[in-house]
Amino acid sequence: VQLQASGGGLVQPGGSLRLSCVASESGFSISAMGWYRQAPGKQRELVARITSLGGTNYADSMKGRVTISRDNAKNTMYLQMNSLKPEDTAVYYCNAYRLGIGYWGQGTQVTVSS
């Protein structure tokens, strides 16, 4: 499965971004999907995850500010991020599991700065 993430960019504190992740395989064949992020000098961490049935869970630091969703017909997962903070600056990666194997996208840079 190839994953293509997009939608990152430079945004001011308090702003919003919507990330997208398009999979090369049918969304209906993919089980869990998720967004992770990695800031410079830090480990990669979970942002949000969504199951094939639409169940979601979020990192505590992101609850109330982000919404994860997926459109299986479009093979696409989204991450709507609001009220962004400078500490949200990171490379955001999408992840997907299919038949027990995990796959990673190339990442998209999100920079929150005035």
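Here is how the numbers come out for the structure above:
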{"item": "Cut-off under 5 Å, modelled amide H: who pairs with LEU84 long-range", "result": "GLY14, GLY15"}
{"item": "Prolate/oblate/rounded call for the range 45-95, Cα gyration tensor, a/c under 1.5 rounded", "result": "prolate"}
{"item": "14 Å beta-carbon shell around SER69, net charge (K/R +1, D/E -1)", "result": "+3"}
{"item": "Percent carbon-and-sulfur accessible area, the chain, ignoring ligands, DNA and RNA, probe 1.4 Å", "result": "49"}
{"item": "Rounded accessible area per residue of the chain, 1.4 Å, Å²", "result": "52"}
{"item": "Normalised contact order of the chain, rounded percent, pairs of Cα under 8 Å and 6 or more residues apart", "result": "38"}
{"item": "Cross-link partners of LYS63 among aspartates and glutamates (Cα-Cα below 17 Å; sequence separation of 8 or more within a chain)", "result": "GLU45, GLU87, ASP88"}
{"item": "Charge dipole magnitude, Cβ of K and R +1, D and E -1 - the chain, Cα centre, debye nearest 20", "result": "60"}
{"item": "³J(HN,Hα) computed for each position of the range 34-42 - Karplus, 6.51 cos²θ - 1.76 cosθ + 1.60, integer Hz, glycine/proline x", "result": "x, 10, 10, 9, 9, 8, x, x, 10"}
{"item": "Inter-centroid distance (Cα atoms) of the range 90-114 relative to the range 65-88, Å", "result": "11"}
{"item": "13 Å beta-carbon shell around ALA96, net charge (K/R +1, D/E -1)", "result": "+2"}
{"item": "Positive minus negative residues near ILE30 (Lys, Arg vs Asp, Glu; Cβ under 13 Å)", "result": "+2"}
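The values are calculated or read from the model by the stated rules, or taken from the named source; none is laboratory data. What you see is a predicted model; the values in this text were computed from it and never measured. We place every Cβ from the backbone using ideal geometry, glycine too, and count neighbours over all the protein chains shown. Surface accessibility is based on the protein's heavy atoms, side chains included, excluding ligands, DNA and RNA. Shrake-Rupley method; radii C 1.70, N 1.55, O 1.52, S 1.80 Å.
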